[in-house]
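**Q** Starting off with a structure, shown below.
The values are calculated or read from the model by the stated rules, or taken from the named source; none is laboratory data. All values reported here derive from a predicted model rather than from experimental measurement. Please note: Cβ atoms are built from the backbone with ideal geometry, for glycine as well, and neighbour counts cover all protein chains shown.
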Amino acid sequence: MNCPKCDAVMEAVEYNSVEVDRCTNCQGIWFDMLEAEQLKDIKGAESIDIGDQKVGKEYNKIDKVNCPKCKTLMSKMVDNDQPHIWYEACGVCYGVFFDAGEFRDYKEENIFDFFKKIIKKPRQ
Ligand SMILES: [Zn+2]
Ligand SMILES: [Zn+2]
């Protein structure tokens, strides 16, 4: 399988018997249906995301990508809890693609995100 963003070869990476594909160039990560959700709950799974967040930010700008599995044009998604995380999802096979550093970010909903959520709530 090739990377949907930079077309480099992707390698299989396994964590806790969940296998994902990581790009050998831009280090974006492809998750099959629900794998990202599964790994979000597994402690230490962010270690599969070895990429540089700065590189990820650059690749984040490429947002018209086709699913590496079924070639469908993927939808641009935004994480509800962490709106700065943009990722791409396939509406046909339900795979998702995170740029380098995004999965780490997704997994560690930090105190900053927590406050942003509070601030967004209107006053009673
Ligand atoms: Zn890539
Ligand atoms: Zn697909």
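**Q** Go through (1) modelled with pLDDT under 90; (2) in a loop (DSSP other than H, G, I, E, B); (3) hydrophobic (A, V, I, L, M, F, W, C) for Phe114 and report which single condition fails.
**A** That leaves (2) as the condition not met.
**Q** Here are some residues: Lys76, Lys71. Which one is of a type in the set (Lys, Arg), over 22 Å from Glu19 (Cα atoms) and exposed (fewer than 14 other Cβ atoms within 10 Å of the Cβ)?
**A** Selected residue: Lys76, the only one of Lys76, Lys71 that is of a type in the set (Lys, Arg), over 22 Å from Glu19 (Cα atoms) and exposed (fewer than 14 other Cβ atoms within 10 Å of the Cβ).
**Q** Further question on the same structure: Go through region 25-44 residue by residue and tally those that are in contact with a Phe, Trp or Tyr (Cβ under 7 Å, 6 or more places away or on another chain) and aromatic (Phe, Trp, Tyr).
**A** 1
**Q** Could I ask something else about it? In region 80-106, which residues are part of a strand (DSSP E or B), touching a helix residue (DSSP H, G or I) at 6+ places or on another chain (Cβ under 8 Å) and surrounded by fewer than 23 Cβ atoms within 10 Å (Cβ to Cβ)?
**A** Residue satisfying the conditions is Trp86 alone.
**Q** Identify, by number, the condition in (1) in contact with a Pro (Cβ under 9 Å, 6 or more places away or on another chain); (2) crowded, with 18+ Cβ neighbours inside 10 Å that Cys26 doesn't meet.
**A** (1)
**Q** Tell me which of these Lys43 doesn't satisfy, since it passes every other one: (1) surrounded by fewer than 12 Cβ atoms within 10 Å (Cβ to Cβ); (2) outside any loop (DSSP other than H, G, I, E, B); (3) basic (Lys, Arg).
**A** The number of the failed condition is (2).
**Q** Next question, about the same structure. When only residues in region 52-96 that are of a type in the set (A, V, I, L, M) and either under 15 Å from Asn2 (Cβ atoms) or free of Cβ contacts under 8 Å to residues at least 24 places away in the same chain (or both) count, which is nearest to ligand 2 (Cβ to nearest atom)?
**A** Per the stated criteria, the residue is Met74.
Conditions tested, residue by residue: (1) surrounded by fewer than 20 Cβ atoms within 10 Å (Cβ to Cβ); (2) assigned to a loop (DSSP other than H, G, I, E, B).
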residue	(1), (2)
Glu14	yes, no
Asp21	no, no
Trp30	no, no
Met33	yes, yes
Glu37	yes, no
Gly51	no, yes
Glu58	yes, no
Asp63	yes, yes
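**Q** Of everything in region 3-26, what is out of contact with any strand residue (DSSP E or B) (no Cβ under 9 Å at 6 or more places or on another chain) and either within 6 Å of ligand 1 (Cβ to nearest atom) or in contact (Cβ under 8 Å) with a residue 40 or more places away in the chain (or both)? Give them in sequence order.
**A** Correct list: Cys26 only.
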